[in-house]
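These notes are about the structure you will find just below.
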Amino acid sequence: MDDLANLIDVAKTERSRQKRLRVHCCTSTGCRAASSEAVLTSLQDTIKTEGLEDEVEAIGVGCMGFCGRGPLVEIEPSAWLDPAFQGDKPLENEQLYEEVKPEQAASIITALKGGTATAVKGNPQHPFFARQMKIVREFSGRIDPERIEEYIAVGGYRSLYKAVYEMTPAEVVDEITRSGLRGRGGGGYPTGLKWATVAKMTGDQKYVICNGDEGDPGAFMDRSVLESDPHLVLEGMAIAGYAVGANHGFIYVRAEYPLAIQRLQKAIQQAKKYGLLGSQIFDSMFDFKVDIRIGAGAFVCGEETALIQSIEGGRGNPQPRPPYPAQSGLWDCPTLINNVETFGNIAPIIHRGGDWYAGIGTEKSKGTKIFALTGKIRNNGLIEVPMGITLRDIVEDMGGGVPEGDIKAVQTGGPSGGCIPVSLLDTPVDYDSLVAIGSMMGSGGMVVMDDTTNMVEVAKFYMEFCKEESCGKCIPCRAGTVQLYDMLTHLLSQQATEDDLIKLEELCRMVKETSLCGLGMSAPNPVLSTLRYFHDEYEALLKTPAFSSS
Amino acid sequence: MDKIRFATVWLAGCSGCHMSFLDLDEWLIELAQQVDVVFSPVGSDIKVYPEHVDVCLVEGGVANQDNLELLLQVRRQTKLLISFGDCAVTANVPAMRNMLDGAEAVLKRTYLELADYTPQLPHEPGIVPELLDQVVPVHQVVPVDIYMPGCPPPADRIRATLEPLLRGEMPVMEGRDMIKFG
Amino acid sequence: MSVKTLKIDGKDIAIESGTTVLQAAKENGVAIPTLCHLDGVSDVGACRLCLVEVAGSNKLLPACVTEVAEGMDIQTNTPKLQQYRKMTVELLFAEGNHVCAVCVANGNCELQDMAVLVGMDHSRFPYQFPDRPVDVSHEQFGIDHNRCILCTRCVRVCDEIEGAHVWDVAQRGENCFIVSGLNQPWGEVDACTSCGKCVDACPTGAIFRKGSTTGEKERDRAKLEFLVTAREQHQWTR
């Protein structure tokens, strides 16, 4: 691929190859488990037997988001995917089918000639879809993640070209800074600032790392992005490499995500073939190669310093910061480390400009955020929403509320986050508001709980997770989480006294303030937030001591 | 003013703490002038722990049913309870059996697997007290007012703890002389 | 050589830049408690006992890995730090099987001393009584995992000074243990040179010389310092 014309050629050729109608069938992990591959085969076979090959094409795509109702099949005119497309998108041309069984698949194709399909029809205008704003997931579930041509046809790698040929590295960093993008891994550190720091570091060798070690219980945003649109992440990494002066990137993906790894491998190969990764990208002086590193499934390896240790081949133990990876990271070189979703935002920002991005969201939290909406909720799956939307809008309107009874709490931020009571559902979803109420944005897990949920049990569940995932390096986390877990167990057996409750809170504060890394520092959060909002549930478990201390 | 009603009890320990108590030597005479020893394996013949005890030194961890019952009685009938020595404070050596899985495993290991001849489990309800599954320190069962670690606590430490109490003051349990374990 | 000026516990201090807060405090007569730190080997910031408060930072910072900076105002012994240090030591006692009465290091143990220093007269946290092994397969030494506090001094001293890397950490969380070789009995690890530096480095009685009984453990810390000075400054005196 030597210049822009070539890229445009590939896109043109691909678009002319595409049929008028595209039948998208999700082939991501969730729908696969519900036999979506058999659905796809049946769709493709029926197109042939019905003689529709010239008009219709069935394509295995990534995640469409409504995972609770999978496998999903959607029909969309290919013209809508053309970046140049302008005009109406009449509703009748978009058809969605939910929970499609392999034996129903054929009827979806025959219905194109007239009649009705036996598969359950979904409503693409449902708030679950209608209220989303897709930037990272714009093409998730609409293109074949295993064919780079499809990505190029929807405008892929144009941002990388723009960065390399039309912008200086400093301009790229400025654009990201102007966008107001903050790290999507949970902490919300300003991405532009991080890039600027790495860019300013001297040194011949720098690295870019993409953190795909998503490990929060109930969270699968990053897996979905990697499975559905791997090139988007690769393009973001390459732009980052150009901006900070790195020629080598690593994607760290956990071994539990085999499909994501497989699709990434394929994507890297295809991008190399087209000269979009590797040496002299677009015939420029810019080199950038990407390697995959597979994590062995330790939650703590999502912590950046532990992740770096793991890539180096060492034990995944967090290291004291400073020095931050930006100063001294992988093999002691300046290293930029961002999460999958963060990289997913880069190409759209370069394409449409930082100001456009900064126009979305709230004052301090820009853009959109992907959430995995799970737990006791009618519509579960992945949603991408603008920052600033309220929890109530997400849970009640988009999620459809709990199937039975009332909503009691929403847990965000996974084991590092907190439980938000129903009374605070009108809180806007942004980094600072969530921290103010004792939780955090986290990577995007959102677990809804109904009124049958015992909040002390919830706290214990997360503490058990942290205790098992602690690396064991520092004492407060290694031994403190064990004691906290035992205290919660003791409480639940109704053997604890008022004094024990005080001790529980004291130890929570100690573990939070003295642990070495984020895992330990945030491990007490689920306990502290439930103590704050559901204190009566703890009190109800207390017994009066047999002896009062003199 | 009435004399201070003073007691010592011996739970699961080697009695070394009581030996150390006897090491107070001539100060014991001074102590005896200021307190009534109302219950003690080394200072009294009384078999039943009395009511209204002012100060009690509790040696040993809680290892069996007898220990448990006596300790509960001590706490109910005593104003100020001192956890006396490492076994009381940490469960110490008696607790080294806790790594085996419960009382039954301990008995099997001791009386069957390690027996030289005629292996048999001791079982005399009402005479031989039943073992608890775990040996625990005193403060895990009842509230404790003063902790005096040491294996055994040296006589000087015992004296430095008791002297202020005789004056109606709380001792300051700080520094190597007062709280070193072992 | 550039110099930084700062305050430690209200005392004005001028010290070479690049120095750690721990070192700066030590040179100025302020003792900050430590367990995982060992002069001569790298610091890991794991025991959290050396955490200090720095004005303007809402985080507690480990003195052993924090470099001095101009104008720092450091407090090393606030009530909060005292409380947390005491809890840390309690957690350590509760997670292992530390029976001072029958330990080779009784009377010569940094953990025992630390308990005295932080004023711990009992543990408020229940003892865990983990089932941990003792490895006495080595000809001269033994390792009793019951007494190990996972400070990893042995790991670092063996790797960084002796260059043998016999030790490392296996498993995670509460199941962590110091592993010899490829999880072999110590006596079967060919890499071990039987130099005994790990015995000298160990703060407790976890690694000991065979034949020493209760309270008999002795350490030659000066040997470690001698080796480091010899290597780094080429001075062969002790």
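The values are calculated or read from the model by the stated rules, or taken from the named source; none is laboratory data. It should be emphasised that the depicted structure is a prediction, and the values quoted were computed from it without experimental measurement. Cβ coordinates were reconstructed from backbone atoms using ideal geometry, including for glycine residues, and neighbour counts include every protein chain displayed. Side chains included, ligands, DNA and RNA excluded: accessible areas come from the protein's heavy atoms. Shrake-Rupley method; radii C 1.70, N 1.55, O 1.52, S 1.80 Å.
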How about the stretch B:103-182: which GluC sites (Glu not before Pro) there are in a DSSP loop, with at most 15 other Cβ atoms within 10 Å of their Cβ? B:Glu130, B:Glu169, B:Glu174
Rounded to the nearest 100 Å², what is the buried accessible area between A and C, both sides summed, probe 1.4 Å? 2600 Å²
Where the centroid of each part is defined by its Cα atoms, how far is the stretch A:218-264 from the stretch B:91-150 in Å? 57 Å
Hey, in the GNM for chain B with a 10 angstrom Cα cutoff, which one of B:Pro171, B:Pro154, B:Pro94 fluctuates hardest? B:Pro171
Diagonalise the Cα gyration tensor of chain A and give the resulting equivalent ellipsoid semi-axes, square root of 5 times each eigenvalue, largest first, whole Å. 41, 31, 19
With Cβ to Cβ distances under 10 Å as the rule, what net charge do the other residues near A:Ile346 carry (K, R +1; D, E -1)? -2
Taking the dipole about the Cα centre of chain C, with the C-beta of Lys and Arg at +1 and of Asp and Glu at -1, give me whichever of C:Val104, C:Ala164, C:Gly40 is farthest to the positive side. C:Val104
Explain nothing, just the number: dipole magnitude of the protein assembly as shown about its Cα centre with +1 on each Lys and Arg Cβ and -1 on each Asp and Glu Cβ, in debye rounded to the nearest 20. 1260 debye
At a 10 angstrom cut-off on C-beta neighbours, averaged per residue, how do the peptides A:24-33, C:186-195 rank from highest to lowest? A:24-33, C:186-195
Just checking the output field for C:86-92: average partner chain Cβ neighbours within 10 Å of each residue's Cβ? 5
With the crude spin-label approximation of a point 7 Å out along Cα→Cβ, what separation in nm comes out for C:Arg209 versus A:Arg352? 7.4 nm
Which order do peptides A:513-525, C:41-53, A:35-47 fall in by mean Cβ count within 10 Å, highest first? A:513-525, C:41-53, A:35-47
So what's the stretch A:156-358 giving for Cα Rg divided by 2.2 N^0.38 Å, two decimals? 0.93
Quick one: which bits of the stretch B:148-182 get at least 30 Å² less accessible when the partner protein chains are in, versus the chain alone, with a 1.4 Å probe? B:Arg176, B:Ile179, B:Lys180, B:Phe181, B:Gly182
Determine the per residue accessible area of chain A with all protein chains present and a 1.4 angstrom probe, expressed in square angstrom. 36 Å²
Using Cα pairs closer than 8 Å and at least 6 residues apart in sequence, work out the relative contact order for the stretch A:1-127, in percent. 27 percent
Rounded to 5, percent antiparallel among DSSP beta bridges of the protein assembly as shown: 55 percent
Around A:Lys48, with a cut-off of 15 angstrom between Cβ atoms, what is the net charge of the other residues, counting Lys and Arg +1 and Asp and Glu -1? -4
Any number yet on Rg/Rh for the stretch A:19-124, C-alpha, Kirkwood? 0.95
Can you list the HN-Hα couplings for the stretch A:415-425, worked out from phi with the Karplus curve (6.51, -1.76, 1.60; θ = phi - 60°), rounded to whole Hz and with x for Gly and Pro? x, 9, x, x, 9, 9, x, 4, 5, 10, 5
Please list, in chain and number order, the residues 5+ apart from B:Val9 or on another chain whose amide H is under 5 Å from its amide H, with Hs placed from the backbone. B:Leu57, B:Val58, B:Glu59
Interface A:B - total buried accessible surface [probe 1.4 Å, Å², rounded to 100]: 400 Å²
Which residues of the stretch C:38-55 show a drop of at least 50 Å² in accessible area when all protein chains are present, compared with their chain alone (probe radius 1.4 Å, heavy atoms only, ligands and nucleic acids excluded)? C:Ala46, C:Arg48
Inter-part gap, Cα centre of the stretch B:1-69 to Cα centre of the stretch A:119-185, in whole angstrom, is 78 Å
If I histogram all Cα-Cα distances within the stretch C:83-233 using bins 10 Å wide from 0, what percent of pairs lands in each bin? 11, 40, 35, 13, 1
Which percent of the accessible area of the stretch A:156-358 is formed by carbon and sulfur heavy atoms (probe 1.4 angstrom)? 49 percent
Specify which residue in the list C:Asn28, C:Leu60, C:Gly71 is farthest towards the positive end of the charge dipole of the stretch C:3-77, using unit charges on the beta carbon of Lys, Arg (+1) and Asp, Glu (-1), about the Cα centre. C:Leu60
Please report, in whole Å, how far the alpha carbons of the stretch A:350-432 spread along each principal axis, starting with the longest. 45, 23, 22
If one computes the Cα centroid of the stretch C:215-238 and of the stretch C:56-107, what distance in Å separates the two points? 25 Å
Whole-Hz couplings from phi, Karplus 6.51/-1.76/1.60, listed for the stretch A:84-92; x for Gly and Pro: 8, 5, 9, x, 6, 10, x, 4, 5
Express the carbon and sulfur contribution to the solvent-accessible surface of the stretch C:83-233 as a percent, rounded to the nearest whole number, probe 1.4 angstrom. 47 percent
Distant-in-sequence amide H partners of A:Gly375 (H built 1.01 Å from N, under 5 Å): A:Val448
Relative contact order as a percentage, the stretch A:156-358, C-alpha pairs under 8 Å and 6+ apart, gives 33 percent
extent check for chain B: Cα max minus min per principal axis, descending, whole Å, gives 56, 35, 29
If one puts a single equal scatterer on every Cα of the stretch C:3-77 and applies the Debye formula without solvent, what log₁₀ I(q)/I(0) results at q = 0.13, 0.25, 0.27 Å⁻¹? -0.32, -1.22, -1.41
Given Cα pairs under 8 Å that are at least 6 residues apart, what percent is the relative contact order of chain A? 14 percent
Give the long-range amide H neighbours of C:Val179: residues separated by 5 or more places, or on another chain, with amide H under 5 Å away, using H modelled in the peptide plane at 1.01 Å from N. C:Asp168, C:Val169, C:Ala170
Residue-by-residue Karplus 3J(HN,Hα) for the stretch A:3-17, coefficients 6.51, -1.76, 1.60, Hz, glycine and proline x: 8, 4, 4, 4, 4, 5, 4, 4, 5, 5, 4, 5, 5, 6, 6
Over all pairs of distinct alpha carbons, what does the Kirkwood formula give as the hydrodynamic radius of the protein assembly as shown, in Å? 31.9 Å
Tally Lys/Arg at +1 and Asp/Glu at -1 over every other residue whose Cβ is under 11 Å from the Cβ of A:Arg254; what's the total? -2
How about the stretch B:42-98: which GluC sites (Glu not before Pro) there lie in a loop by DSSP and see at most 14 other Cβ atoms within 10 Å? B:Glu51
For the stretch C:1-111: accessible area per residue (Å², 1.4 Å): 38 Å²
Say each of B:Glu169 and B:Glu30 gets a label point 7 Å from the Cα, pointing the same way as Cα to Cβ; how far apart are those two points in nm? 1.4 nm
